[in-house]
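As structure tokens, the structure follows; a few thoughts come after it.
The values are calculated or read from the model by the stated rules, or taken from the named source; none is laboratory data. Everything numeric in this text was worked out from a predicted model, so none of it was measured. As a convention, Cβ positions derive from the backbone with ideal geometry for all residues, glycine included, and neighbour counts pool all protein chains shown. Note: accessible area is taken over every heavy atom of the protein model, side chains too, but ligands, DNA and RNA are not part of it. Shrake-Rupley method; radii C 1.70, N 1.55, O 1.52, S 1.80 Å.
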Amino acid sequence: MKISLLYPGITECGFNSLKGNEGTWMHHGLAILSSCLKQKGHKITLLDLRRFSGWDDFKAKINVMNYPVVAITMMSVDFNPACNAAKIIKDMKPNTTIIVGGPHASICTEELENLPFIDYIIKGEGEITLPELVEAIEKGERLPKVIDGKHLENLDDAPWADRDLFQSPEEPFVRFLKPPFVTLIAGRGCRYNCNYCQPAERLMFGDKVRRRSVNNVISELKSLRDKFHFNSWMLHDDCITEDREWVMEFTKRYREEGFNQPFVCQSRADIICRNEDMVKALSEAGVRLFIIGFESGSNRVLKFLRKGCSREMNLQAAEVCRKYGIKIWANYMMGIPTETKEEVLETYTMLTQIKPYHCSPAFYTPHPGSDLYTIGQKMGIHLIVSHDSYRRNTFEPKIKGPDYDFLKEMLYKSVALGEDQHPVKAQVLIHTSPQNIDFIKRILRKCNYIYQRIGFSGTLSKLSRNVKQNNLAESIKVFQFISGIKLDIDLVNCRKMRRVGHTIWFTTDTDDPQILLKLPTDLQLRAEEYTHLIFYLFVEQSSSLQVIWSKSSGIGVTDYITTLPGWNIYCFNLAKMNLHNHVENNQQWQGSIQSLRIDPALNPGIKMGISEIHLANREPENLPKNYISF
């Protein structure tokens, strides 16, 4: 039978988002189900909403598709796009059987039972149950709408994930991990009892933690090494280090089999403190980063969360990681129920001592199925009115009580503590006319995460009352304080600039029109560190642009390029800049690049937009037709 598996994960990043770090990662649950169904002789295809340009594009695909069964995975955050996709399929192809599974279907089954466009709901795991259900559908049998999934007692009995299903290479999410990159899951479940998570996970996977054998995982890694020649990887398990015996056997086998690729895994502070020899073994095997959920620096809050760790353990774990050269990706929450401002400050001061490689904060989000969610319901503090708001973010209030303006200030101060910074966090000079000063004030007042795609990690909303008082200089000072990003406004000539999504749109003027991206000195771009710089540019008509790369000395490289109508992707090879005749008498490029200026002066009056800037150590693969390399 022809079966389509649907991945609806667009709430975070939207359509046409299959690019950049986690945006390229495959969904292991669907990939394993694909392998299970293929073993039974079924033909499998994937509907990945990240690949579509919008709902019209999706409808066009459904119109020509003839797959009698569509199985959809659903997390709470993906409820809306998953249901919308299912409804579209049912409206256009009413004979299609729609099956829904995944965490939300398992935990909030009653929310889906009465939806007319869903035919079956599988609770729990699907490796055994989905093929059985498909077989029943083939025979014309009608089963109950809600089906309890059967658990695999031995995970070695499950086939490996179908890596061909998602048809895209996964990308590393930190700079020191090199592509090709792969992700892998060795087990299911977690032994711990944090109230912001449990018992939801046990409703999905059962009370018992199950894990594949070391031999099974090593065998898959060998297969991935042969197929992808990966240079780094990530072990996705919630807490692989909870199983000391497994870890010690794995690290020994990993080295014996000739692996030297660095990898990332998740751990806990208490485990790290109590098992320093295991941390040493992981470091020697290749672990370069621990993802650790510190959650809070307050012992009272940690006890309230049933975390099983203390502030002292968090700090000690950081010392152990430093001792063995393992970087820390610090997960933590702010805005936890009952948390005070003083306790938020305790989290901040803890982070100043931990000195993480990366700080990854979030406002506490109540998730269905967790004990803390139930507590919040009884307290009547939940503010979430749409499933979209279950996403992990820092720009919308989740519960009643916290002072979110204060939390934002502390959040951005804490983010600045991470040793990593996006390589293209830029000082941006927006050129506009003096009479358009109101435009800048509107940006400062209304736009959340403006320039996020080109490196800004701060917010420009609700900066201070100074905006309302027309005190622009003081408003910019406040922004620079809370975000750690320097923002300069240069009042020159360019008009009608506005922001839509992650893109800055502007219409060029006749007098010195330009948009200048100026790189601060503490984030210099060096050819020896990064070989390629890529940016996205939209023009409404074919145009000539002057692209100028400048050094601190004022000497730079000028290129005249011709654009195609629509979006253009430009890649500059920084290592080849010494080939330009006008670079310091043909000497090799030395030092840092200070700024990039895009000057459309030769074609005034055209609409343009700049969206993203990326740095890379190699030229991207699978280049689109509008990709132009220099």
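Can you pull out the residues in the range 186-202 that are surrounded by fewer than 17 Cβ atoms within 10 Å (Cβ to Cβ) and in a helix (DSSP H, G or I)?
ARG202
From the list ALA285, ALA269, ALA318, exactly one residue is among the small types (Gly, Ala, Ser) and out of contact with any Lys or Arg (no Cβ under 8 Å at 6 or more places or on another chain). Which is it?
The match here is ALA269.
Looking at ASP119 and the list (1) open to solvent by 80 Å² or more (accessible area, probe 1.4 Å); (2) over 15 Å from LEU30 (Cα atoms); (3) acidic (Asp, Glu), which single condition is not satisfied?
(1)
Mind listing whichever residues of the range 280-301 are in a helix (DSSP H, G or I) and crowded, with 24+ Cβ neighbours inside 10 Å?
LEU282
Please give the strands (runs of 3 or more DSSP E) falling wholly within the range 107-185 in which 2 or more residues are touching a residue at least 40 places away in the same chain (Cβ under 8 Å).
Values: elements: 120-123, 146-148, 181-184.
Strands (runs of 3 or more DSSP E) meeting the threshold: 181-184.
If you take the residues in the range 157-168 that are in contact with a Ser or Thr (Cβ under 9 Å, 6 or more places away or on another chain) and open to solvent by 50 Å² or more (accessible area, probe 1.4 Å), which one is modelled with the highest pLDDT?
It comes out as TRP160.
Might you let me know whether the range 211-230 holds any residue that is open to solvent by 50 Å² or more (accessible area, probe 1.4 Å) and in contact with a strand residue (DSSP E or B) (Cβ under 7 Å, 6 or more places away or on another chain)?
Taking every residue of the range 211-230 in turn, at least one turns out to be open to solvent by 50 Å² or more (accessible area, probe 1.4 Å) and in contact with a strand residue (DSSP E or B) (Cβ under 7 Å, 6 or more places away or on another chain).
From LEU282, LEU289, LEU203, LEU302, which residue is among the hydrophobic types (A, V, I, L, M, F, W, C) and closer than 30 Å to GLY101 by Cα? If you could, list the steps in order and put the result at the bottom.
Numbers: LEU282 fails: closer than 30 Å to GLY101 by Cα; LEU289 fails: closer than 30 Å to GLY101 by Cα; LEU302 fails: closer than 30 Å to GLY101 by Cα.
Of LEU282, LEU289, LEU203, LEU302, the one residue that is among the hydrophobic types (A, V, I, L, M, F, W, C) and closer than 30 Å to GLY101 by Cα is LEU203.
Between ILE147, ILE185, ILE128, ILE122, which is touching a Lys or Arg at 6+ places or on another chain (Cβ under 6 Å) and among the β-branched types (Val, Ile, Thr)?
ILE128
Scan the range 348-372 and report the pairs whose first residue is under 16 Å from ILE107 (Cα atoms) and whose second residue is assigned to a strand (DSSP E or B) and open to solvent by less than 20 Å² (accessible area, probe 1.4 Å), with Cβ atoms within less than 9 Å and a gap of 6+ or a chain change.
Sorted first by the residue in the range 348-372, then by its partner, the pairs are PRO366/ILE399.
When the residues of the range 356-374 are filtered to those that are open to solvent by less than 10 Å² (accessible area, probe 1.4 Å) and out of contact with any strand residue (DSSP E or B) (no Cβ under 9 Å at 6 or more places or on another chain), which remaining residue is nearest to ALA416 (Cα to Cα)?
LEU372
Look at the range 50-75 and say how many of its residues are open to solvent by less than 20 Å² (accessible area, probe 1.4 Å), at pLDDT 95 or above and assigned to a helix (DSSP H, G or I).
Of the residues in that region, 2 qualify.
Based on this model, can you work out whether GLY102 counts as under 22 Å from TYR373 (Cβ atoms), in contact (Cβ under 8 Å) with a residue 60 or more places away in the chain and surrounded by 20 or more Cβ atoms within 10 Å (Cβ to Cβ)?
Yes; evaluated as a whole, the condition is true for this residue.
Within the range 307-330, track down each residue that is open to solvent by less than 30 Å² (accessible area, probe 1.4 Å) and farther than 21 Å from PRO361 by Cβ.
VAL320
Could you list, in sequence order, the residues of the range 230-253 that are touching a helix residue (DSSP H, G or I) at 6+ places or on another chain (Cβ under 7 Å) and not in a loop (DSSP other than H, G, I, E, B)?
Of everything in the range 230-253, those that are touching a helix residue (DSSP H, G or I) at 6+ places or on another chain (Cβ under 7 Å) and not in a loop (DSSP other than H, G, I, E, B) turn out to be ILE240, THR241, GLU242, ARG244, TRP246, VAL247, MET248, GLU249, PHE250, THR251, ARG253.
Does the range 383-400 contain at least one residue that is within 21 Å of ASN193 (Cβ to Cβ) and either open to solvent by less than 10 Å² (accessible area, probe 1.4 Å) or of a type in the set (Asp, Glu) (or both)?
No - not one qualifying residue is present in the range 383-400.
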